[in-house]
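Worksheet: one structure, shown below.
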Amino acid sequence: MPAKMFSDGEMVMGRWPGSQLYYEVRVTGYNKSTQLYAVKYKDGTELNLKESDVKPLNYFKTKKRSISRQRSRSRSRSPARTQTPKRSTSRGREAKKPVQKEEVQKKDPPTTKFIHQLQENSTNSKTTPVTDFKEEKEENNTKKTYRVVEIVDGVPLANGKKLQYRINAFYAFLLCGAALAAALYNEVNLSYIHNNLLQLAISAMVFSLVLSIYLYLRSWHVPTDELAAGGNSGSFVYDFFIGRELNPRIKNFDLKYFCELRPGLMGWVVINLGLLFAEMEMQQRDVPSLAMILVNSFQLLYVMDALWNEEAILTTMDIVHDGFGYMLAFGDLVWVPFVYSLQAFYLVNHPNELTWPVALTIIALNTVGYIIFRGANSQKNAFRRNPHDPKLAHLKTIPTATGRSLIVSGWWGFVRHPNYLGDLIMALAWSLPCGFNHIIPYFYIIYFTCLLVHREARDEHQCRKKYGVAWNKYCQQVRYRIFPYVY
Ligand code: NDP
């Protein structure tokens, strides 16, 4: 058995689990059988770490000096560096910084002074502590450049690599809208979609199955570090369902990223529109019902919001942790477009005349839901991008051992998942236009409540692991998870 490298009481740098961040920690013990070091972080969190996640205290200082020498050399030799900014934006909206190339160096002095971020096995350098403020500044400056194509870095993956993503879903959506407008102009009958909905759904199912078989087969030909951690149980059924390969790509075309937003969300909008025309045809109306207009408009707003904020998907579990298998392929290509359009489908054959006061109440409900949903998501995104943003100075925060803080006021001080609350309020507003005669229009909110309650529990578990005592403090201050005073 190899001798242990670090002794009890020694101060070392310990990697924070699931991240690439290293902190000063004290070794408090060593378990010979598991070969794990027990370490204590400065905020009191105690964890067990593998030897490979523990480095000597001076490890980064030495590396950093040599890296900065390399950097200054490579800068002077390579003027092209500044011509290839990491990202630029073309929509005039605030650009988002790639996650993890982080603010941590600049904030919360008591914790951050001992933080180092290590990008092991990164594509361009073997060992690069990201403490380069100049580079950060350059990157911020690039936000002011405007380009048609926006390319952003994804978060560093477990293997240390970062993938690049082309952000243009909103343009794709506009293109899709133009194609629909051209179809309508040429008198294409969109109620065809309703008349053939089952055939379309079955085709999508077959396509998602074929895609999953392709994904499963190709996953046997990729390096092991490109496989998803959770999709390699050895059980064919489980791995086929969950997905073996993390980010399958054909050249630069990322299959999972493409399927996550585009076909499903745009398909949902197109199906809704087809159902709107079907309603007019079936009920011999000159204009769609108010209920149908509300359902279509609310869901259109939701889809446009998701496509406009496309980059937000890059930090989700789907992209960062989960493999691409049958579950995601079916969810993206079948479940979202065909199940999320159930309200509009119901209205085609079940007219529900709304009075204006009722319609206005439902609009108000959807608006409240949207304000909470967007407010909460934007507040967190803005804070994660730049916790020193003067616009966020009013927010109270709790520092954590990772260097990231948790917001405890504003939306995130209201409940622990205000974005889920807003989403669920909107889901209710999408069902109410259909009246109360049937359960079908309420299927979405019932299913979505279960999904978000389960997702919240998973996230809670991850955050407790990630933030330790700081998360417990947050939970003490913000007692409710999703519904204030209820849950
Ligand atoms: P969230 O956007 O809620 O992200 C959770 C993460 O936020 C945590 O892991 C933590 O990550 C960070 N966080 C949690 N609390 C705080 C805090 N107090 N201060 C700062 N950061 C905090 O997760 P989802 O990806 O689940 O949801 C995103 C949106 O997508 C939601 O609006 C949700 O409703 C919606 N959604 C919609 C679905 C649909 O089918 N329509 C399906 C799933 C989600 P860290 O600290 O590492 O940043």
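The values are calculated or read from the model by the stated rules, or taken from the named source; none is laboratory data. Everything numeric here is computed off the predicted structure, so don't read it as measured data. Because the Cβ atoms are built from the backbone with ideal geometry, glycine has one as well, and the counts that use them run over all protein chains shown. With ligands, DNA and RNA removed, areas are computed over all heavy atoms of the protein, side chains included. Shrake-Rupley method; radii C 1.70, N 1.55, O 1.52, S 1.80 Å.
Things to note:
- Normalised by residue number, the volume inside the convex hull of the Cα atoms of region 420-459 is 47 Å³ per residue.
- Centroid-to-centroid separation of region 278-317 and region 444-479 [C-alpha atoms, Å]: 29
- Unit Cα scatterers, Debye sum, region 205-255: log10 I(q)/I(0) for q = 0.14, 0.15, 0.23, 0.29 Å⁻¹: -0.32, -0.37, -0.85, -1.23
- For the Cα trace of region 191-327, dividing Rg by the Kirkwood Rh returns an Rg/Rh value of 1.09.
- Percentage of interatomic Cα-Cα distances in region 440-487 larger than 11 Å: 72
- Accessible-area rank, largest first, for Lys256, Lys55: Lys55, Lys256, with all protein chains present and a 1.4 angstrom probe.
- Probe 1.4 Å, all protein chains present, accessible-area order of Trp411, Trp16, largest first: Trp411, Trp16
- Peptides 281-290, 397-406 ranked from most to least packed by the mean count of surrounding Cβ atoms within 10 Å: 397-406, 281-290.
- Heavy-atom accessible area order for Leu451, Leu180, largest first, 1.4 Å probe: Leu451, Leu180
- In this structure, the amide hydrogen of Leu36, modeled 1.01 Å from its nitrogen in the peptide plane, lies closer than 5 angstrom to those of Asn31, counting only residues at least 5 positions away or on a different chain.
- Cα centroid separation - region 322-339 against region 364-408, whole Å: 30
- Rg(Cα) / (2.2 N^0.38 Å) computed for region 146-202, rounded to two decimals: 1.81
- Taking amide H as placed 1.01 Å from N in the peptide plane, Gln164 has its amide H under 5 Å from the amide H of Gly154, each at least 5 places away in sequence or on another chain.
- Solvent exposure of region 247-404 as accessible area per residue, Å², 1.4 Å probe: 41
- Amide H contacts under 5 Å for Glu150: Ile167, restricted to partners 5 or more places along the chain or on a different chain, H placed in the peptide plane at 1.01 Å from N.
- Ordering of 371-384, 327-340 by burial proxy (mean other Cβ atoms within 10 Å per residue, highest first): 327-340, 371-384
- Computed from backbone phi with θ = phi - 60° and the Karplus coefficients 6.51, -1.76 and 1.60, the 3J(HN,Hα) list for region 260-276 is 4, 10, 6, x, x, 5, 5, x, 4, 5, 5, 5, 4, 5, x, 5, 4 Hz; x is used for glycine and proline.
- Computed over region 355-487, the P(r) curve from all C-alpha pair distances, binned at 10 Å from the origin, holds 12, 36, 31, 15, 6, 0 percent per bin.
- Our coupling estimate for region 232-239, obtained by passing each phi through the Karplus curve with A = 6.51, B = -1.76, C = 1.60 and θ = phi - 60°, is 10, 7, x, 8, 4, 4, 5, 5 Hz, Gly and Pro reported as x.
- Hull-based mean projected area of region 332-385, where the convex hull spans the alpha carbons, in square nanometres: 5.6
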